[in-house]
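To keep things clear, I will list the structure first and then write my remarks on it.
The values are calculated or read from the model by the stated rules, or taken from the named source; none is laboratory data. This one's a predicted model, so the numbers in the text were calculated from it and none came from an experiment. Cβ atoms come from the backbone with ideal geometry, glycine included; neighbour counts cover every protein chain shown. Just the protein is used for accessible areas: all its heavy atoms, side chains included, with ligands, DNA and RNA removed. Shrake-Rupley method; radii C 1.70, N 1.55, O 1.52, S 1.80 Å.
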Amino acid sequence: MKIQFLGAAGEVTGSRHSVEVTLAGRSRHFMVDYGMFQGGREASNKNLEPLPFAPKDLDFVVLTHAHIDHSGLLPRLCAQGFTGPIYCTSATYELLKILLLDSAHLQRADVERAERKQKAGKWHGEMPIALYSREEVETTLTQFEALEYGQSIELVPGMQLEFHNAGHILGSAIAVIDITEDGDQKKRCVFSGDIGMKGKVLMPDPDLIKNADVVVVESTYGDRLHRSLQDTEDELVEVISATMAGHGNVVMPAFAVGRTQEILFLLIDLVKRGRLPHLSIWVDSPMATAATHLTQHFFSHLDGESQATFEWYRDNPGSVDLRFIADVEESKALNKIKGGAIIISASGMCDAGRIVHHLASNLPRAQNAIVITGFQSYGSLGRRLVDKVQKVRLFGEEVPVRASVHTIGGLSAHADQAGLLDWLKGFEQPPKTVFVVHGEPESSSVLAQSIREELHWSNVIIPERLHTYQC
């Protein structure tokens, strides 16, 4: 068996792992995830790179979850000739109907906006490129086959797939693939996808897997520990209280799927417990609105505490003034609000979507607060804000950063180093090979060394992008 890492190697985004194996004398070739690179011009160039093989030669794709850095280039893959099935959980499939269509819309909108500004002589820099169309997304959606957690399916003769709950976002899965190679040699490959934080809000704890020969594990936060939920709550209460007292707005960039729903749960729960007063919250992301409604549909997938909090809000709707913004004019009207608003908007890394408009309006005013609650990839606008730049370029114009910027790490949907090691301890025997992916170099390096030292596993590899490894 050979694995080639086409993305998320030495970086967080662009998850796509190419696997080749020989079964019954026939070569089988499949992908685990096919995500978009995110964060600046270099990421855009990688998204446009040709594959080292013909997409039509792939047998199938296994998708761990719906986030764009894992799923976002599937329509491009299909448009380039892949016609096989794409396997995911049922909740992931429902989310993808929202996420992929929104991704196509945002790309087209970015191109059209740039073209208008270019004609007016106001655009500086390279023009954006749309990677796929809405029609190509709709075609891709016909190729999905949805599974439930724990349901085993034969992918091809000699290869079985089973999904287990990763506890990351709605529908997120650990992919367990059992392969009987020629000569009846059995091999189990476990792809972690993104592992959730044990004890976090909304999602249940990630499932433990007892055995594997090959493990591909993420390392987004492999070099650090998250703040406790208590510390996270304390800081969030402090920032919101101080900003409201100063008659400012709180702007929270958030991934539409997962993070927005977690933030809503936490804010409602803080009001429920009397730690925050009545709040006025605007969720300005059509995708986040749809994802929140979908979360209600999969209510039984949430943990018990989250179910209880949302039931309390349903019984006490006046406790929080929660509004979901539908159209563009309503979104623009939010920028006229000078204080007292909590605005939650996508995209989470601030590189696209309505959040960019809200940042352009709110960054120049010192009484406002920008609250960053998730990982910000190198090169992204969100990362530049975290790094305390004094100004940013938005829509071709320089915007001063006078608002305070706060990074609150305890809300991460990713396990920290301790959480990742705890999940890996679920394996009863050391896997023969462990690949550490989906992390910036320092994060992957620290986690790999921790696995060697704490778990005493010897064959721990940090793969290089485009390199092929024999397993």
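Among the residues of this structure, H406 counts as one that is more than 15 Å from F255 (Cα to Cα) and either under 21 Å from the mean Cα position of the chain (by Cα) or open to solvent by less than 20 Å² (accessible area, probe 1.4 Å) (or both). Among residues that are within 18 Å of V436 (Cα to Cα), open to solvent by less than 40 Å² (accessible area, probe 1.4 Å) and of a type in the set (S, T, N, Q), S172 is not included.
Residues of the stretch 436-470 that are among the acidic types (D, E), assigned to a helix (DSSP H, G or I) and within 15 Å of E218 (Cα to Cα): E442 alone.
Taking the criterion of being in contact (Cβ under 8 Å) with a residue 40 or more places away in the chain and part of a loop (DSSP other than H, G, I, E, B), the residues of the stretch 268-302 that qualify are R275, H278, S285, F298, L302. On the stretch given as the stretch 127-170, residues that are assigned to a strand (DSSP E or B) and of a type in the set (S, T, N, Q) total 3. Out of curiosity, is L411 open to solvent by less than 20 Å² (accessible area, probe 1.4 Å) and over 13 Å from V217 (Cα atoms)? Answer is yes for this residue.
Considering (1) under 22 Å from G196 (Cα atoms); (2) modelled with pLDDT under 95; (3) not acidic (D, E), the lone condition that M252 does not fulfil carries the number (2). For the stretch 239-267, name all the residues that are part of a loop (DSSP other than H, G, I, E, B), under 17 Å from Q296 (Cα atoms) and aliphatic (A, V, I, L, M). Listed by number, the residues that qualify are A256, V257. Screening E49 on (1) within 20 Å of C471 (Cα to Cα); (2) in a loop (DSSP other than H, G, I, E, B) shows it passes everything except condition (1). I'd like to check something: does the stretch 247-257 contain any residue that is open to solvent by 10 Å² or more (accessible area, probe 1.4 Å) and under 15 Å from I342 (Cβ atoms)? Yes, because at least one residue in the stretch 247-257 is open to solvent by 10 Å² or more (accessible area, probe 1.4 Å) and under 15 Å from I342 (Cβ atoms). Taking residues in the stretch 97-122 that are assigned to a helix (DSSP H, G or I), and partners anywhere that are basic (K, R), the pairs with Cβ atoms closer than 6 Å and at least 6 places apart or on different chains are A104/R134.
Contact annotation: residue pairs with Cβ atoms under 7 Å, 6 or more positions apart or on different chains, pairing a residue in the stretch 459-471 that is within 11 Å of V434 (Cα to Cα) and in contact (Cβ under 8 Å) with a residue 12 or more places away in the chain with a partner that is of a type in the set (A, V, I, L, M) and part of a loop (DSSP other than H, G, I, E, B), are P463/A9; C471/M1.
Residue count for the stretch 180-199 satisfying the condition of being crowded, with 24+ Cβ neighbours inside 10 Å and either out of contact with any strand residue (DSSP E or B) (no Cβ under 8 Å at 6 or more places or on another chain) or among the β-branched types (V, I, T) (or both): 2.
Taking each residue of the stretch 17-29 that is within 13 Å of A54 (Cα to Cα) and open to solvent by 10 Å² or more (accessible area, probe 1.4 Å) and looking for partners that are assigned to a strand (DSSP E or B) and at pLDDT 95 or above with beta-carbon atoms closer than 8 Å, six or more apart or interchain, yields H29/S18; H29/V19; H29/E20. Among the conditions (1) within 23 Å of the chain's Cα centre (by Cα); (2) open to solvent by 10 Å² or more (accessible area, probe 1.4 Å); (3) of a type in the set (V, I, T); (4) at pLDDT 95 or above, the only one that T89 does not satisfy is (2). Within the stretch 324-341, the set of residues being touching a strand residue (DSSP E or B) at 6+ places or on another chain (Cβ under 7 Å) and surrounded by 14 or more Cβ atoms within 10 Å (Cβ to Cβ) comprises F324, I325, S331, L334, A341. Checked against the criteria, V111 does not count as more than 14 Å from the chain's Cα centre (by Cα) and open to solvent by less than 10 Å² (accessible area, probe 1.4 Å).
In the stretch 54-96, the qualifying residues are those that are in a strand (DSSP E or B) and among the hydroxyl-bearing types (S, T, Y), and the one that is nearest to Q160 (Cα to Cα) is Y87. Residues that are touching a helix residue (DSSP H, G or I) at 6+ places or on another chain (Cβ under 9 Å), surrounded by fewer than 18 Cβ atoms within 10 Å (Cβ to Cβ) and among the hydrophobic types (A, V, I, L, M, F, W, C) within the stretch 128-154 comprise I129, A130, L141, A146, listed in sequence order.
Yes or no, residue by residue, for (1) modelled with pLDDT of 95 or more; (2) open to solvent by less than 30 Å² (accessible area, probe 1.4 Å):
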site: V201; (1), (2): no, yes
site: P206; (1), (2): yes, yes
site: I209; (1), (2): yes, yes
site: V217; (1), (2): yes, yes
site: L225; (1), (2): no, no
site: E233; (1), (2): no, yes
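Looking across the stretch 155-169 at every residue that is small (G, A, S) and in contact with a Ser or Thr (Cβ under 6 Å, 6 or more places away or on another chain), the one that is most open to solvent (accessible area, probe 1.4 Å) is identified as G158. Consider the stretch 414-453 and keep the residues that are touching a Phe, Trp or Tyr at 6+ places or on another chain (Cβ under 6 Å) and within 29 Å of L236 (Cβ to Cβ). The one that is most open to solvent (accessible area, probe 1.4 Å) is H414.
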